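Q: Can you keep this structure in mind? I'll have questions shortly.
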Amino acid sequence: MPLTDTGTITAVRCHGPGDVRVERLPARAPGPGEVTIEPLAVGVCGTDSHIVGGSFPAASPVVLGHEVCGRVREVGAGVDRLTPGDLVTVEPHDYCTACAYCRLGQEHLCDAKRGYGVRLDGGMTERMVVPARIAYRLPPATPPWIGALTEPLACCIHGMDQLAPRSGLPVLVYGAGPAGAMMVALARSRGLAPVVVMDPRPDRRDLALRMGADAALDPGDPASEAAARALTGGLGFPYVVDAVGSARLLESAIGMASRGGRILIFGVARPDEEARVRPNEVFARELTIVGAVINPYTHHRAVGMLPTLGLDRLRPAFFPLEEVSQALAAQAGGRADKVFVAPRGADAARG
């Protein structure tokens with residue numbers, strides 16, 4: 001196709017801690033192997049809030065947004081598997097391909113990886129240009145806001161791969177934000193039972209139950225740990241997920257794990273947080289503690305699972321580009337199950 005993108009576009013750029021601006025930027029045409037996408041729904045993630053707050057390293061300035069669903073507007077030379085009008089989700093990472101980790105098939109551990117919306121311009125804009133290889137076609141009838149959940153779902157799938165659960169065994173999930181809710185849905189789909197959630201907020205405990213949890217408990221209740229353990233026959237949990245990111249929760253997770261248990265650190269804790277762990281307890285109870293970062297080779301699988309998990313049980317909220325500050329505040333305040341920036345309006349994001 002002729003490369004015709006010109007003029008300017010509206011975008012949300014972070015220029016540093018606390019400095020988010022809605023700006024007009026030059027548009028560019030897609031080069032060879034690239035596509036131009038018109039984002040319809042862009043998830044607002046805790047990472048976005050951390051970038052704006054200055055606790056997550058990012059380029060400055062950078063267009064925010066890494067949970068992207070949109071329509072292909074234009075394709076560059078050599079692109080033959082995508083056409084204008086296709087609904088796509090974006091796998092938002094670029095790898096060097098040359099470091100030891102890339103050469104070992106561990107690209108997500110790349111020394112020089114760059115994320116769209118973090119170190120490369122992301123999706124909170126009217127148009128974005130990305131390599132065609134990171135745009136995954138979705139079924140045409142997919143609601144765009146559901147499509148934008150592909151990236152966090154892909155991360156959750158990687159987390160479950162790291163946890164390596166066996167069906168028919170209990171799992172405890174700390175935190176029922178959007179990621180924790182998807183973890184609950186994945187745990188249910190993998191046949192784990194009972195699925196137990198700990199979250200201090202009543203609305204998120206309600207979300208956990210909507211997503212299939214068998215029990216949702218308030219960790220502020222002194223009886224909650226005993227109640228959770230009773231659901232395992234007193235043995236503790238063979239699988240525990242920290243979907244919050246907290247040193248304190250890691251300490252709690254170790255206490256709630258059964259002998260031989262596996263603990264997944266999935267939430268992003270502050271870099272300076274430290275947990276007090278007794279090595280003898282890990283040794284004597286043969287515990288395994290694993291981490292999970294981003295979504296190596298799981299985006300394709302997430303596209304396949306997207307329609308199977310009942311993600312429409314989430315209650316979304318939509319904000320235009322010009323109201324990105326309100327969107328960030330809504331995300332930080334938990335005023336919806338999942339917050340989205342909708343560059344083409346809420347109706348287009350809903351689909």
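The values are calculated or read from the model by the stated rules, or taken from the named source; none is laboratory data. Because the structure is a prediction, the values reported are computed rather than measured. Heads up, the Cβs are rebuilt from the backbone with ideal geometry, glycines too, and the neighbour counts pull from every protein chain shown. In case anyone asks, the SASA skips ligands and DNA or RNA and just uses the protein heavy atoms, side chains included. Shrake-Rupley method; radii C 1.70, N 1.55, O 1.52, S 1.80 Å.
Q: Only residues that are modelled with pLDDT under 95 and within 17 Å of the chain's Cα centre (by Cα): list them for segment 332-342, please.
A: Once the filter is applied, which keeps residues that are modelled with pLDDT under 95 and within 17 Å of the chain's Cα centre (by Cα), segment 332-342 yields ALA332, GLY334.
Q: Can I ask one more? Taking the condition of being surrounded by 19 or more Cβ atoms within 10 Å (Cβ to Cβ) and within 19 Å of the chain's Cα centre (by Cα), how many residues in segment 87-107 meet it?
A: The qualifying residues number 7.
Q: For segment 221-242, name all the residues that are open to solvent by 60 Å² or more (accessible area, probe 1.4 Å) and on the phi < 0 side of the Ramachandran plot.
A: ASP221, PRO222, GLU225, ALA226, ARG229, ALA230, LEU231, LEU235, listed by residue number.
Q: Among the residues that make up segment 33-55, is at least one of them part of a loop (DSSP other than H, G, I, E, B) and more than 29 Å from ALA176 (Cβ to Cβ)?
A: Yes, segment 33-55 contains a residue that is part of a loop (DSSP other than H, G, I, E, B) and more than 29 Å from ALA176 (Cβ to Cβ).
Q: Quick check: anything in segment 71-83 open to solvent by less than 60 Å² (accessible area, probe 1.4 Å) and within 17 Å of GLU126 (Cβ to Cβ)?
A: yes
Q: Filter segment 56-75 down to residues that are touching a Ser or Thr at 6+ places or on another chain (Cβ under 8 Å) and in a loop (DSSP other than H, G, I, E, B) and give me whichever is farthest from LEU25 (Cα to Cα).
A: Applying the filter and picking the extreme gives PHE56.
Q: Please work out if ALA317 is assigned to a strand (DSSP E or B), open to solvent by less than 50 Å² (accessible area, probe 1.4 Å), under 26 Å from THR142 (Cβ atoms) and at pLDDT 95 or above.
A: Considered against the rule, which asks whether it is assigned to a strand (DSSP E or B), open to solvent by less than 50 Å² (accessible area, probe 1.4 Å), under 26 Å from THR142 (Cβ atoms) and at pLDDT 95 or above, ALA317 comes out as yes.
Q: Under the condition of being open to solvent by 10 Å² or more (accessible area, probe 1.4 Å) and aliphatic (A, V, I, L, M), which residue from segment 108-127 is farthest from the chain's Cα centre (by Cα)?
A: The residue in question is ALA112.
Q: Within segment 266-274, is even one residue farther than 30 Å from ASP19 by Cα, outside any helix (DSSP H, G or I), in contact with a helix residue (DSSP H, G or I) (Cβ under 9 Å, 6 or more places away or on another chain) and touching a residue at least 12 places away in the same chain (Cβ under 8 Å)?
A: no
Q: How do the pairs read when you match residues in segment 319-333 that are of a type outside the set (Gly, Ala, Ser) with residues anywhere that are open to solvent by 50 Å² or more (accessible area, probe 1.4 Å), using Cβ under 7 Å and keeping only pairs 6 or more apart or on different chains?
A: PHE319/GLN326; LEU321/VAL22; GLU322/VAL22; VAL324/VAL22
Q: Same structure, new question: Considering only residues that are in contact (Cβ under 8 Å) with a residue 12 or more places away in the chain and assigned to a helix (DSSP H, G or I), which ones fall in segment 92-146?
A: GLU107, HIS108, LEU109, ALA132, ARG133, ILE134, PRO144, TRP145, ILE146
Q: Now a separate question. List, please: which pairs have Cβ atoms under 6 Å, are six or more places apart or on different chains, and start with a residue in segment 1-17 that is more than 10 Å from VAL52 (Cβ to Cβ) and modelled with pLDDT of 95 or more and end with one that is open to solvent by less than 70 Å² (accessible area, probe 1.4 Å) and among the basic types (Lys, Arg)?
A: ILE9/ARG127
Q: Condition first: of a type in the set (Val, Ile, Thr), in contact (Cβ under 8 Å) with a residue 60 or more places away in the chain and either open to solvent by 70 Å² or more (accessible area, probe 1.4 Å) or more than 17 Å from GLY168 (Cβ to Cβ) (or both). Can you find one or more residues in segment 243-259 that meet it?
A: yes
Q: Among the candidates PRO170, PRO165, which residue alone is under 23 Å from TYR297 (Cα atoms), touching a residue at least 60 places away in the same chain (Cβ under 8 Å), open to solvent by less than 30 Å² (accessible area, probe 1.4 Å) and within 24 Å of the chain's Cα centre (by Cα)?
A: PRO165
Q: Given the conditions (1) open to solvent by 40 Å² or more (accessible area, probe 1.4 Å); (2) within 20 Å of the chain's Cα centre (by Cα); (3) more than 26 Å from THR308 (Cβ to Cβ), which single one is not true for TYR136?
A: Unmet condition: (3).
Q: Looking only at segment 277-291, filter to residues that are out of contact with any strand residue (DSSP E or B) (no Cβ under 6 Å at 6 or more places or on another chain) and open to solvent by less than 50 Å² (accessible area, probe 1.4 Å); which one of those is nearest to LEU264 (Cα to Cα)?
A: VAL282
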